[in-house]
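The values are calculated or read from the model by the stated rules, or taken from the named source; none is laboratory data. All values derive from a computational prediction rather than experimental measurement. Ideal geometry is used to build each Cβ from the backbone, glycine not excepted, and the neighbour counts take in all protein chains shown. These area figures cover heavy atoms from the full protein model, side chains too; ligands, DNA and RNA do not enter into them. Shrake-Rupley method; radii C 1.70, N 1.55, O 1.52, S 1.80 Å.
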Amino acid sequence: MREESLPELADSTIRACEILIYNARAMAKFAFHLEVAKRERVLLSGVGADDLFMGDPAALALTRQGIPQFVARRLPEVDLAMFFLRSEWSKRVKQPDWRRDFSGANSMNASRNLVLRTLLPHSGLPVEMLTAATHGLEVRAPFLDRDVAAFALAQSEEQLVRDGHGKWLLRDALADLLPREVC
């Protein structure tokens, strides 16, 4: 992606999402969906897999202050996003109360549930669905299926994380289908 295309992508991404854009991931999704839409009409998405299957265990770990790493990383992004948000956009953007929602996680499993209540519905899912829709893509999200989500949430941390690697059940399930490096 060329640096000079970033301002155009930022405007287009924000207009597509109408949510706070915290980092470049939203623009990357917008650009990715633009390219996919040139060839396809349907996209199979992995949105929710990391959140449900503890894909990033380090982000779920608690800091010395007792808050999850993903919270500690997100708060400065939220403040910066609000600082730079254009006034005409700020009237149209829904802003969750992140600081309230981020309090109270006391374990990796609690952190996972916190991600599902906060980041997925306020950041990950809207960006995925809205940037795809802007380009006319139909998104299929198997990890958000009620039965898949219920199954994932019923699994213990030990079943999902091994040797610091998350999504262990998915890695194990695909071991015979994909090269080891991919799993």
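State all residues of the range 130-141 that are open to solvent by 70 Å² or more (accessible area, probe 1.4 Å) and of a type outside the set (Lys, Arg); if no residue qualifies, say none.
Within the range 130-141, the subset open to solvent by 70 Å² or more (accessible area, probe 1.4 Å) is 134, 138, 140.
Listed by number, the residues that qualify are Thr134, Glu138.
Scan the range 118-129 residue by residue and report those that are in a helix (DSSP H, G or I) and surrounded by 14 or more Cβ atoms within 10 Å (Cβ to Cβ).
Of the range 118-129, the ones in a helix (DSSP H, G or I) are 119-129.
The answer is Leu119, Leu120, His122, Ser123, Gly124, Leu125, Pro126, Val127, Glu128, Met129.
Write out, first by first residue and then by second, each pair whose Cβ atoms fall under 6 Å of each other, whose residues are 6+ apart or on separate chains, and whose first residue, in the range 40-64, is surrounded by 19 or more Cβ atoms within 10 Å (Cβ to Cβ) while the second is of a type in the set (Lys, Arg).
Final answer for the pair search is Phe53/Lys167; Met54/Arg112; Gly55/Lys167; Leu60/Arg112.
Restrict the check to the range 78-95 and report whether at least one residue is at pLDDT 80 or above and over 30 Å from Asp172 (Cβ atoms).
Initial filter on the range 78-95 (at pLDDT 80 or above): none.
Scanning the range 78-95, I find no residue that is at pLDDT 80 or above and over 30 Å from Asp172 (Cβ atoms), so the answer is no.
Among the residues of the range 13-35, write down those that are open to solvent by 40 Å² or more (accessible area, probe 1.4 Å) and in a helix (DSSP H, G or I).
Arg15, Arg25, Ala28, Lys29, Phe32, Leu34, Glu35 - these are the residues of the range 13-35 that are open to solvent by 40 Å² or more (accessible area, probe 1.4 Å) and in a helix (DSSP H, G or I).
Residue-wise test of (1) open to solvent by 50 Å² or more (accessible area, probe 1.4 Å); (2) under 30 Å from Phe30 (Cα atoms); (3) modelled with pLDDT of 90 or more.
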residue	(1), (2), (3)
Phe143	no, yes, yes
Glu157	yes, no, no
Ala175	yes, no, yes
Val182	yes, yes, no
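Within the range 38-74, can you find the residues that are farther than 21 Å from Leu170 by Cβ and charged (D, E, K, R)? It would help to see each step written out before you state the result.
Initially, the range 38-74 is screened for residues farther than 21 Å from Leu170 by Cβ, giving 38-42, 62-69, 71-74.
Hits for the range 38-74 are Lys38, Arg39, Glu40, Arg41, Arg64, Arg73, Arg74.
Please specify each residue of the range 130-174 satisfying the condition of being under 13 Å from Gly48 (Cβ atoms), touching a residue at least 60 places away in the same chain (Cβ under 8 Å) and assigned to a helix (DSSP H, G or I).
Pro142, Phe143, Leu144, Val148, Ala149, Ala152, Leu153, Leu170 - these are the residues of the range 130-174 that are under 13 Å from Gly48 (Cβ atoms), touching a residue at least 60 places away in the same chain (Cβ under 8 Å) and assigned to a helix (DSSP H, G or I).
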